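Below is one structure, written out as structure tokens, with a few remarks after it.
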């Protein structure tokens, strides 16, 4: 196998740490974050909220009225029709518009015919998109389950996905039934994570677990086309900066100029810059993309460390790494220098840690 080095690999230092996860020290010195404490009168009266709880409160407070979401969804569909020069979402049995720009709550409004504003075909394509997003959200965890034999990771991901639903979605009988089924499956995996839950009515995870190992998702866009799009995206930022009599810069330490926005690019787009396979990007652009990509993937590792610490389960570190690996495209793995050997190391450490835990528990 040919090894391609693209610079600093933020994960190399963690390779030998997986098997030591159970003995990891506090992450207080590793992760700098607000502890969520409210009030400071004395220790007995402090109320500490978890990061998840604070995020939930913040997101709930920021939710727009559902009627506003419904109206906006109706307007977006009409704009999509106009752009595609069609009048319906399905013509001759084929879908005519892409709903990728709509968020989950907007799709739910369409799928449930909010305020009676949507046609049966519109509801059908929205439901299809919602199903695709559920499948995509679980894909990395399903791949991890295939590698490790741990079904709990897939059911936990499904549970988290359902719990992230909007208040309107949670109020439906469909959501309640699905969550009950997933929770039942997750609880079963807590008894034996290596045994696939079976016989649970309405379990949305079970069909995904029956797919053949190595089954590839729908065709991924050509990487060269991704690079061309990113080149156009950066050029647009450069022209916008010039119109404001500024230089587009990539170093946040630069005091003058307009800082390029790489945060809105996905990881595959950042990988297109980092690998520069078509020679379209400058050294400055490549360095900035590497820095952004490294920051994101480093955050994934630190999150896995935090999960291992907070759950008391040393396997969570390896699971987090495997989920991240499974969710990457081939180009992302190459850009971050995540090799198959790195994946194998995580699998081995997961299995060895599981064996040790099993012995300690007397199983």
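The values are calculated or read from the model by the stated rules, or taken from the named source; none is laboratory data. What you are looking at is a predicted structure, and each value in this text was computed from that prediction instead of being measured. Ideal geometry is used to build each Cβ from the backbone, glycine not excepted, and the neighbour counts take in all protein chains shown.
Annotations for the structure displayed:
- For region 105-133, the set of residues classified as in contact with a helix residue (DSSP H, G or I) (Cβ under 7 Å, 6 or more places away or on another chain) and closer than 18 Å to residue 171 by Cα consists of 105, 106, 107, 108, 109, 110, 111, 113, 114, 115, 127, 130, listed by residue number.
- Given (1) buried (at least 21 other Cβ atoms within 10 Å of the Cβ); (2) modelled with pLDDT of 95 or more, index of the condition residue 284 fails: (1)
- Within region 330-355, being in contact (Cβ under 8 Å) with a residue 60 or more places away in the chain and more than 30 Å from residue 291 (Cα to Cα) holds for 351, 352, 353, 354.
- Within region 149-194, helices (runs of 4 or more DSSP H) holding 3 or more residues that are surrounded by 14 or more Cβ atoms within 10 Å (Cβ to Cβ) and assigned by TED's automatic domain parsing to the domain that holds residue 316: none
- Residue 137 being assigned to a helix (DSSP H, G or I) and either assigned by TED's automatic domain parsing to the domain that holds residue 326 or modelled with pLDDT of 95 or more (or both): no
- Selection status of residue 87, modelled with pLDDT of 95 or more and surrounded by fewer than 16 Cβ atoms within 10 Å (Cβ to Cβ): yes
- Residues of region 234-271 that are touching a residue at least 40 places away in the same chain (Cβ under 8 Å) and either within 20 Å of the chain's Cα centre (by Cα) or not assigned by TED's automatic domain parsing to the domain that holds residue 288 (or both): 267, 268, 269, 270, 271.
- Criterion (assigned to a loop (DSSP other than H, G, I, E, B) and loosely packed, with under 13 Cβ neighbours inside 10 Å) met by exactly one of 224, 199: 199
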